[in-house]
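A.B. asks: I'd like to ask some things about the structure below.
The values are calculated or read from the model by the stated rules, or taken from the named source; none is laboratory data. In this text the structure is predicted, and so the values were computed from the model without any measurement. Cβ placement follows ideal geometry from the backbone for every residue including glycine, while neighbour counts extend to all protein chains displayed. The accessibility values were calculated without ligands, DNA or RNA, using every heavy atom of the protein model including side chains. Shrake-Rupley method; radii C 1.70, N 1.55, O 1.52, S 1.80 Å.
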Amino acid sequence: NAGVTQTPKFRVLKTGQSMTLLCAQDMNHEYMYWYRQDPGMGLRLIHYSVGEGTTAKGEVPDGYNVSRLKKQNFLLGLESAAPSQTSVYFCASSSPGLAREQYFGPGTRLTVT
Amino acid sequence: AQKITQTQPGMFVQEKEAVTLDCTYDTSDQSYGLFWYKQPSSGEMIFLIYQGSYDEQNATEGRYSLNFQKARKSANLVISASQLGDSAMYFCAMREIKVNYGGSQGNLIFGKGTKLSVKP
């Protein structure tokens, strides 16, 4: 039972390059999330999904796209990376419900030069 | 206005002493949930404790307890008998229920965190 996994763990991009971050969960959770964490800012929600085939924007969606083609996977794409997207990215998943905690992946450290 | 406010960017506590990490929140909803997460230097996010707005008793989980004062809109985390391994960032988060996609979805809103350092 791996929980939530993220690929890759580290990545360096040049401005304008594209990449996709992969999140996978094996807990059969309906909901999945992508956050970014910047120093002094806490975690901010980028996009989320409440089920296979559905996605929605969070607090800071600009410059990112997502897809949830399979229930267990949630992909985050950067089409044209910018230095402002240098951050640590976390994926999380949860079951529906007020009291349900989110389970987080280990994070991906992305640097855009 | 910030939904979650953690006013202590950093705190120190002596090993074996208790420490309180402050969290205030802002919501007009009657039904909401409050969470605390720990982030050690290794980076992973670890769920610690949950308090529902309708829970009559303060939540406890081992050495963690949540001092929930609904009228003051505060949900402070109390760590008893601090250990060196408690040194970490601590995040308070709130979930409000929003109707979406024909059902309900509540995203977590995080505070900016408090860095706790435990001194030997």
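A.B. asks: Report for chain A the percent antiparallel among DSSP-assigned beta bridges with both residues inside it, nearest 5.
C.D. replies: 90
A.B. asks: In square nanometres, what is one fourth of the surface area of the convex hull spanned by the alpha carbons of the range A:1-79?
C.D. replies: 5.7
A.B. asks: While we're here: What does the accessible area per residue of the range A:1-83 come to in Å², with a 1.4 Å probe and no ligands, DNA or RNA counted?
C.D. replies: That works out to 50 Å² for each residue.
A.B. asks: Out of all Cα-Cα pairs in chain B, roughly what percent, to the nearest whole number, are more than 25 Å apart?
C.D. replies: Cα-Cα pairs in chain B separated by more than 25 Å: 22 percent.
A.B. asks: Considering only DSSP states other than H, G, I, E and B, which chymotrypsin sites (Phe, Trp or Tyr not before Pro) in the range B:8-98 qualify as loop sites with at most 15 other Cβ atoms within 10 Å?
C.D. replies: Here the chymotrypsin sites (Phe, Trp or Tyr not before Pro) that fit, given the DSSP loop and packing criteria, are B:Y54.
A.B. asks: Work out which residues of the range A:86-113 lose at minimum 30 square angstrom of accessible surface when the other protein chains are put back, relative to the chain isolated, with a 1.4 angstrom probe, and list them by number.
C.D. replies: Hits at the 30 Å² cut-off: A:F90, A:L98, A:A99, A:E101, A:Q102, A:F104.
A.B. asks: Scan the range A:12-113 for GluC sites (Glu not before Pro) in coil per DSSP, keeping those whose Cβ has at most 12 other Cβ atoms within 10 Å, and list them by number.
C.D. replies: Filter output for the range A:12-113: A:E79.
A.B. asks: The range A:47-113: which trypsin sites (Lys or Arg not before Pro) are DSSP loop and have at most 11 other beta-carbon atoms within 10 angstrom?
C.D. replies: Of the trypsin sites (Lys or Arg not before Pro), the ones in loops of the range A:47-113 whose Cβ has at most 11 other Cβ atoms within 10 Å are A:K70.
A.B. asks: Also, I was wondering about something else. Over the protein assembly as shown, with every protein chain in place, what whole percent of the accessible area is carbon and sulfur at 1.4 Å, could you tell me?
C.D. replies: 50
A.B. asks: List, in the order given, every pair from B:K3/B:K73; B:K73/B:K112; B:K16/B:K119; A:K70/B:K38; B:K16/B:K112; B:K16/B:K70 whose Cα-Cα distance in the structure shown is over 19 Å.
C.D. replies: Pairs exceeding 19 Å: A:K70/B:K38; B:K16/B:K112; B:K16/B:K70.
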